[in-house]
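FYI, it's all coordinate maths here, none of it is from the lab. Just so you know, these numbers come straight off a predicted model, no measurement behind them. In this analysis, Cβ positions are derived from the backbone assuming ideal geometry, glycine residues included, and neighbour counts consider all displayed protein chains.
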Amino acid sequence: MQFEREDVELIDINWLKAHEEVHPKKVIELFEMTLRWGGYTKPLLIDRETGTILDGHHRYEVGKKLELNYIPAIVIDYLNDDRVGVTTWPNSGLEKIEKIDVINMALSEKLFPPKTSKHSLSEYLPPIMIKIEDLR
């Protein structure tokens, strides 16, 4: 089963939960590109049960900066979806990370440092174009 454009949903941005910090400079760069494009060109990947952001923390921060109500995302059953794996980035300070660690961090009041978890997808997220005004 492959991720398709039809799998993209508009999700209430207030339901989403980050599990790691972002690089502020990258948020600024992506914010400027999103304004130039006039919309989102890639969906976030979100856990269905908890609203945990698996892929797209910088796009989420851009959405907050743009004061969006909705954000395009593909919603999956993270703990049971074999298409998505997780490991750590080199120099993350952790030897290993499990999916449940990602969920627990998102549900806590803390965040992992930037580039701690590295999600691998067996399929690409589909390209999209959802205009900013359609997300307000």
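Helix content alone sets the calculated 222 nm mean residue ellipticity of the chain: runs of n ≥ 4 DSSP H residues at -39500 (n - 2.57) each, divided across all residues, give -7000 deg cm²/dmol.
Run the numbers for THR87 and ILE132: contour at 0.36 nm per residue of separation, minus the present Cα-Cα distance, in nm. Stretched fully, the THR87-ILE132 segment lengthens by 13.0 nm. Among the listed pairs LYS26/LYS65; LYS26/LYS99; LYS25/LYS65; LYS17/LYS65; LYS17/LYS110; LYS17/LYS64, a Cα-Cα separation exceeding 19 Å is found for LYS26/LYS99. Label sites at ASN104 and LYS25, each approximated as a point 7 angstrom past Cα along Cα to Cβ, lie 3.3 nm apart.
Protection proxy ranking of 64-73, 114-123, by the mean of other Cβ atoms within 10 Å over each peptide's residues and highest first, is 64-73, 114-123.
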